[in-house]
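The block underneath contains the structure these notes are about, expressed in structure tokens.
The values are calculated or read from the model by the stated rules, or taken from the named source; none is laboratory data. In this text the structure is predicted, and so the values were computed from the model without any measurement. Methodologically, a virtual Cβ is constructed for each residue, glycine included, from the backbone with ideal geometry; neighbour enumeration extends over all protein chains shown.
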Ligand code: CMP
């Protein structure tokens, strides 16, 4: 197993419900460390760029409208097999199909208001992390200051 980084977003419904702490706690208790965290209110351009892969999908416009409807929490999570582990902790995209004990099963409303986003592959994780975080804003806990 390799240590990986993945991008996590707590979507506007998660922020609105006041469960930022509960969600981050699930990541921490399952071995994923938040090594960068930032609250942001995305512009349409930012959200469209982030979800560009879905541009042709019928839900694209609604997705962008929802993701810009309120603040989100942007995070980089680091840990063993972080991409796959994060997806297990989140549960299926459609909360109706999510397993018991997952974030989406416990907190999400529907497939749009599904509370969290997570990168779907290590390749996309690299792209998504760098979309929101320059390396200087990422702080692995084992990093030692040399001066
Ligand atoms: P996310 O993991 O952020 O990636 C794309 C998002 O599109 C997805 O979660 C859903 O919230 C949203 N979405 C809305 N409708 C659909 C759909 N029919 N199929 C897949 N994703 C959808």
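Among the conditions (1) on the phi > 0 side of the Ramachandran plot; (2) touching a strand residue (DSSP E or B) at 6+ places or on another chain (Cβ under 7 Å), residue 18 misses just one, which is (2). Among the criteria (1) part of a helix (DSSP H, G or I); (2) over 16 Å from residue 29 (Cβ atoms); (3) touching a strand residue (DSSP E or B) at 6+ places or on another chain (Cβ under 6 Å), the one residue 117 does not fulfil is (1). The criterion of being surrounded by 13 or more Cβ atoms within 10 Å (Cβ to Cβ) and in contact (Cβ under 8 Å) with a residue 60 or more places away in the chain holds for residue 128. Of the residues contained in the range 31-45, one or more are found to be modelled with pLDDT of 95 or more, over 19 Å from residue 120 (Cα atoms), within 14 Å of the ligand (Cβ to nearest atom) and surrounded by 12 or more Cβ atoms within 10 Å (Cβ to Cβ). Looking at the range 61-77, which of its residues are surrounded by fewer than 16 Cβ atoms within 10 Å (Cβ to Cβ) and farther than 24 Å from residue 27 by Cβ? Correct list: 61, 62, 65. In this entry, residue 15 is excluded by the filter for residues that are more than 12 Å from the ligand (Cβ to nearest atom) and outside any helix (DSSP H, G or I). Counting the residues of the range 98-135 that are at negative phi, modelled with pLDDT of 95 or more and away from the ligand (no atom under 11 Å from the Cβ) gives 19. Against the conditions (1) touching a helix residue (DSSP H, G or I) at 6+ places or on another chain (Cβ under 8 Å); (2) more than 17 Å from residue 87 (Cβ to Cβ); (3) surrounded by fewer than 16 Cβ atoms within 10 Å (Cβ to Cβ), residue 3 satisfies every one except (2).
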